[in-house]
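All remarks here apply to the structure that follows.
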Amino acid sequence: SDTTAFPNASISGGTGSYSLTLTGGNITISNNISYLVPEELGSVNVPIEHVTGGRTVNGNFTCYLTLDTATGNNGTSVELFNDMTTTGGGLDKVVNDFNVTFQIGGAVANTPRLNVLIPKCHIDVPTHSVEDVISLVTNFAAYTTDSNVANEVQLEYFGV
């Protein structure tokens, strides 16, 4: 089957480099706006002000747990799972640091697609989902290089 149009994830840093074909997931970008609304009896309340909180970028992605029969590091989902669940690897890190690129619409040049770049990404230990197929579900959260910089996510749109 041709997987060039499927969403891909390129992950590097932390415990290794991985290239995964995704079967699902979500990315949530929130600026955490809170509205201040007065409490008045007998009237419809209208917000009088809002407060913007810290921006957060998080989500999860799902991929098949691939059969890895090759020797060496070839960046499969099995290697991601093994590296993240091994002492001396991902289990020893409180916050790991990955450079993640989600290629939504594939990676073929001159085709419409969207790249979501997360230069500093914490990836949680993946979990298995056993249904018709065995898949790997991985949660992630982006963070910034400094407390006063908003550089946790970059969106690249490519037209026809």
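The values are calculated or read from the model by the stated rules, or taken from the named source; none is laboratory data. Since this is a predicted model, take the numbers as computed values, not measurements. All Cβ positions, glycine included, derive from the backbone under ideal geometry; neighbour counts span all protein chains shown. For the accessible areas, the whole protein counts, side chains as well, though only heavy atoms, and no ligand, DNA or RNA atoms are used. Shrake-Rupley method; radii C 1.70, N 1.55, O 1.52, S 1.80 Å.
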Task: Filtered residues of segment 21-49 (kept if acidic (Asp, Glu) and touching a strand residue (DSSP E or B) at 6+ places or on another chain (Cβ under 9 Å)) - done: Glu49
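Looking only at segment 129-160, count how many residues are of a type in the set (Asp, Glu) and either in a strand (DSSP E or B) or in contact with a strand residue (DSSP E or B) (Cβ under 8 Å, 6 or more places away or on another chain) (or both). Spell out how you get there, then give the answer.
In the first step, residues of segment 129-160 are kept if they are of a type in the set (Asp, Glu); the result is 131-132, 146, 152, 156.
If we keep only those that are either in a strand (DSSP E or B) or in contact with a strand residue (DSSP E or B) (Cβ under 8 Å, 6 or more places away or on another chain) (or both) too, we end up with 152, 156.
Final tally of qualifying residues: 2.
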Open item on the list: Between a residue in segment 31-56 that is over 30 Å from Ala141 (Cα atoms) and open to solvent by 80 Å² or more (accessible area, probe 1.4 Å) and any residue that is in a loop (DSSP other than H, G, I, E, B) and hydrophobic (A, V, I, L, M, F, W, C), which pairs come within a Cβ distance under 9 Å, given they are 6 or more apart or on different chains?
Closed with: Val46/Val37; Ile48/Val37
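Can you tell me which residue in segment 25-80 is modelled with the lowest pLDDT, limited to those that are more than 30 Å from Thr101 (Cβ to Cβ) and of a type in the set (S, T, N, Q)? First the steps, then the outcome.
Residues of segment 25-80 that are more than 30 Å from Thr101 (Cβ to Cβ), as a first pass: 34-51.
Subset that is of a type in the set (S, T, N, Q): 34, 43, 45.
Working: Ser34: 88, Ser43: 77, Asn45: 80.
For segment 25-80, the residue satisfying everything is Ser43.
When segment 88-100 is examined, which residues are found to be open to solvent by less than 40 Å² (accessible area, probe 1.4 Å), over 11 Å from Val153 (Cβ atoms) and not small (Gly, Ala, Ser)? Outline the logic, then answer.
From segment 88-100, those open to solvent by less than 40 Å² (accessible area, probe 1.4 Å) are 89-90, 96, 98, 100; that's our starting set.
This time we only want the ones that are over 11 Å from Val153 (Cβ atoms), so: 89-90, 96, 98.
Of everything in segment 88-100, those that are open to solvent by less than 40 Å² (accessible area, probe 1.4 Å), over 11 Å from Val153 (Cβ atoms) and not small (Gly, Ala, Ser) turn out to be Asn96, Phe98.
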Task: Residues that are in contact with a Ser or Thr (Cβ under 8 Å, 6 or more places away or on another chain), of a type outside the set (A, V, I, L, M, F, W, C) and closer than 16 Å to Thr144 by Cα, drawn from segment 89-115 - done: Asn96, Asn99, Thr101
Open item on the list: Taking the criterion of being within 20 Å of Ser19 (Cβ to Cβ), of a type in the set (Val, Ile, Thr) and open to solvent by 80 Å² or more (accessible area, probe 1.4 Å), would at least one residue in segment 145-159 satisfy it?
Closed with: no
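How many residues does segment 57-77 contain that are among the β-branched types (Val, Ile, Thr) and surrounded by fewer than 17 Cβ atoms within 10 Å (Cβ to Cβ)?
2
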Open item on the list: Among (1) in contact with a His (Cβ under 7 Å, 6 or more places away or on another chain); (2) under 22 Å from Ser30 (Cα atoms); (3) buried (at least 17 other Cβ atoms within 10 Å of the Cβ), there is one condition Leu136 misses while meeting the rest; what is its number?
Closed with: (2)
Task: Number of positions in segment 71-87 that are closer than 23 Å to Val153 by Cβ and either touching a helix residue (DSSP H, G or I) at 6+ places or on another chain (Cβ under 9 Å) or of a type in the set (A, V, I, L, M, F, W, C) (or both) - done: 2
TODO: Can you tell me which residue within segment 10-29, out of those that are open to solvent by less than 50 Å² (accessible area, probe 1.4 Å) and among the β-branched types (Val, Ile, Thr), is nearest to Leu136 (Cα to Cα)?
DONE: Ile11
